[in-house]
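Following: one structure in structure tokens, then a few remarks.
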């Protein structure tokens, strides 16, 4: 039986975002292996359920930070052993360090598997810090020579990789719209709004803002919290969904600004399709985004956006049509945007009416068609 190995830095990434890809490969007759650092989960998932689906798990100490050289080198050696012992035919790696470790391991292995790398937002971009260009750009450019296919999720990254990198195979750079949105699951369901608000302790007549993202400095949830504090409106509520290393800082900020009654951290959620029904606005203030599927899910539900301008959000945020676009660090801009949507119902409804149409091109069906083509091409190459 042919075998594919998925490699991600963050455990839970595969069941959260790659279920459709796994189905494609299983339908092609592949045994699926999944390697990640299961000691540092960001997304809640059931390992036993993955095993029941026939997925073989490998706990590997991949670290998000490239400075953790010892642990990442250990991960490389373990990945190489898996590739050679299991006779892996295809590797599909994700996230910066998952992509680095997996491609080095694949090059070192006896098997030399076909390598697919999905770049979920390159760490070097037009306004990126200099240190990102110093480290990530030369590393990614070099590793492209050991890569058969690179998948990008926004136009800027696609153009850059296509023009600047040389892969092992020609015409092997593709763009997809992230992991795709389940348009049937994510749609307006007004009947559940009030019941879900009651579960979340959000008053029926309150103005509710929702964010879904990992809690880290890049996701920048603090700018929305500070904007709400400056508005001084007790009927504006903010629910932040997600887990991550920045949780303590956000808790401290909420307390410092005396917003405990208005701002809540809900942790990682599997019911975002329901939570979005309770929202007037979806806030997405990330400094950097490859795409940001959570924001597209909000659009699919008819929820307008208040977003930070970056190469990911530019894919679907049209200022004045379905979103208000701000600079990531501009608290006043976020405050003004929130107040405009809070105080002007007709303007908010106008944005909402345009949301679903923009989201439709990001549907999972279109993404799956492209992924099927990419996987079938890899399968034909190794056959």
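The values are calculated or read from the model by the stated rules, or taken from the named source; none is laboratory data. Predicted model, so just to flag it, every value in this text is computed and none were measured. All Cβ positions, even for glycine, are placed from backbone atoms using ideal geometry, and neighbour counts span all protein chains on display.
Mind telling me which of the residues 382, 318 ends up being within 30 Å of residue 173 (Cβ to Cβ), in contact with a strand residue (DSSP E or B) (Cβ under 6 Å, 6 or more places away or on another chain) and surrounded by fewer than 18 Cβ atoms within 10 Å (Cβ to Cβ)? So that I can check it myself, show each step before the final result.
Values: 318 fails: in contact with a strand residue (DSSP E or B) (Cβ under 6 Å, 6 or more places away or on another chain).
Sole residue among the options that is within 30 Å of residue 173 (Cβ to Cβ), in contact with a strand residue (DSSP E or B) (Cβ under 6 Å, 6 or more places away or on another chain) and surrounded by fewer than 18 Cβ atoms within 10 Å (Cβ to Cβ): 382.
Would you tally the residues in the stretch 106-138 being surrounded by 14 or more Cβ atoms within 10 Å (Cβ to Cβ), modelled with pLDDT of 90 or more and not in a helix (DSSP H, G or I)?
So the answer is 8.
Does the stretch 234-252 hold any residues that are touching a helix residue (DSSP H, G or I) at 6+ places or on another chain (Cβ under 7 Å) and free of Cβ contacts under 8 Å to residues at least 60 places away in the same chain, and which are they?
The answer is 238, 239, 240, 241, 246, 250.
Can we say residue 171 is at positive phi, without any contact (Cβ under 8 Å) to a residue 60 or more places away in the chain and not assigned by TED's automatic domain parsing to the domain that holds residue 286? Give the derivation first.
Values: at positive phi: yes; without any contact (Cβ under 8 Å) to a residue 60 or more places away in the chain: yes; not assigned by TED's automatic domain parsing to the domain that holds residue 286: yes.
For residue 171, the condition - at positive phi, without any contact (Cβ under 8 Å) to a residue 60 or more places away in the chain and not assigned by TED's automatic domain parsing to the domain that holds residue 286 - is met.
One line per residue, one yes/no per condition, for (1) out of contact with any helix residue (DSSP H, G or I) (no Cβ under 6 Å at 6 or more places or on another chain); (2) buried (at least 19 other Cβ atoms within 10 Å of the Cβ); (3) closer than 23 Å to residue 190 by Cβ; (4) in the same structural domain as residue 347 (by TED's automatic domain parsing):
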residue: 227; (1), (2), (3), (4): no, yes, no, yes
residue: 254; (1), (2), (3), (4): yes, yes, no, yes
residue: 306; (1), (2), (3), (4): no, yes, yes, yes
residue: 322; (1), (2), (3), (4): no, yes, yes, yes
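Surrounded by 20 or more Cβ atoms within 10 Å (Cβ to Cβ) and either in contact with a helix residue (DSSP H, G or I) (Cβ under 8 Å, 6 or more places away or on another chain) or at pLDDT below 95 (or both): is that true of residue 35 in this structure?
So residue 35 fits the description; yes.
Residue 302 versus (1) farther than 14 Å from residue 213 by Cβ; (2) surrounded by fewer than 22 Cβ atoms within 10 Å (Cβ to Cβ); (3) in contact (Cβ under 8 Å) with a residue 24 or more places away in the chain: which is the lone unmet condition?
So the condition that residue 302 fails would be (2).
Filter the stretch 11-35 down to the residues that are under 16 Å from the mean Cα position of the chain (by Cα) and touching a residue at least 12 places away in the same chain (Cβ under 8 Å) and list them by number.
Correct list: 11, 12, 13, 14, 15, 16, 17, 18, 20, 21.
Determine whether residue 55 is more than 29 Å from residue 364 (Cα to Cα), surrounded by 15 or more Cβ atoms within 10 Å (Cβ to Cβ), assigned by TED's automatic domain parsing to the domain that holds residue 147 and touching a helix residue (DSSP H, G or I) at 6+ places or on another chain (Cβ under 8 Å).
no
Report whether or not residue 231 is surrounded by fewer than 18 Cβ atoms within 10 Å (Cβ to Cβ), modelled with pLDDT of 95 or more and either in contact with a helix residue (DSSP H, G or I) (Cβ under 9 Å, 6 or more places away or on another chain) or not assigned by TED's automatic domain parsing to the domain that holds residue 280 (or both). Quick ask: steps written out before the conclusion?
On the way: surrounded by fewer than 18 Cβ atoms within 10 Å (Cβ to Cβ): yes; modelled with pLDDT of 95 or more: yes; either in contact with a helix residue (DSSP H, G or I) (Cβ under 9 Å, 6 or more places away or on another chain) or not assigned by TED's automatic domain parsing to the domain that holds residue 280 (or both): yes.
For residue 231, the condition - surrounded by fewer than 18 Cβ atoms within 10 Å (Cβ to Cβ), modelled with pLDDT of 95 or more and either in contact with a helix residue (DSSP H, G or I) (Cβ under 9 Å, 6 or more places away or on another chain) or not assigned by TED's automatic domain parsing to the domain that holds residue 280 (or both) - is met.
Out of 100, 32, I need the residue that is closer than 30 Å to residue 313 by Cα, touching a strand residue (DSSP E or B) at 6+ places or on another chain (Cβ under 9 Å) and not in a loop (DSSP other than H, G, I, E, B). Which one?
One residue alone meets the criteria, 100.
Where residues in the stretch 193-215 are over 14 Å from residue 241 (Cβ atoms) and in contact (Cβ under 8 Å) with a residue 12 or more places away in the chain, which of them is surrounded by the fewest Cβ atoms within 10 Å (Cβ to Cβ)?
205
Just to be sure, is residue 101 exposed (fewer than 15 other Cβ atoms within 10 Å of the Cβ) and within 11 Å of residue 7 (Cα to Cα)?
no
State whether the residues of the stretch 146-156 include one that is closer than 25 Å to residue 364 by Cβ, in contact with a strand residue (DSSP E or B) (Cβ under 7 Å, 6 or more places away or on another chain), free of Cβ contacts under 8 Å to residues at least 60 places away in the same chain and surrounded by fewer than 21 Cβ atoms within 10 Å (Cβ to Cβ).
No, that holds for no residue.
Just the residues that are under 18 Å from residue 181 (Cβ atoms), modelled with pLDDT under 95 and surrounded by fewer than 24 Cβ atoms within 10 Å (Cβ to Cβ), please, taken from the stretch 274-290.
Of everything in the stretch 274-290, just one residue is under 18 Å from residue 181 (Cβ atoms), modelled with pLDDT under 95 and surrounded by fewer than 24 Cβ atoms within 10 Å (Cβ to Cβ), namely 290.
Please return the ranges of helices (runs of 4 or more DSSP H) entirely within the stretch 139-257 where 1 or more residues are within 17 Å of the chain's Cα centre (by Cα).
Details: elements: 155-164, 193-200, 221-231, 247-256.
Here the list reads 155-164, 221-231.
Can you name the number of the only condition in (1) in contact with a strand residue (DSSP E or B) (Cβ under 9 Å, 6 or more places away or on another chain); (2) without any contact (Cβ under 8 Å) to a residue 60 or more places away in the chain; (3) under 22 Å from residue 380 (Cα atoms); (4) part of a helix (DSSP H, G or I) that residue 51 fails?
All conditions pass for residue 51, except number (3).
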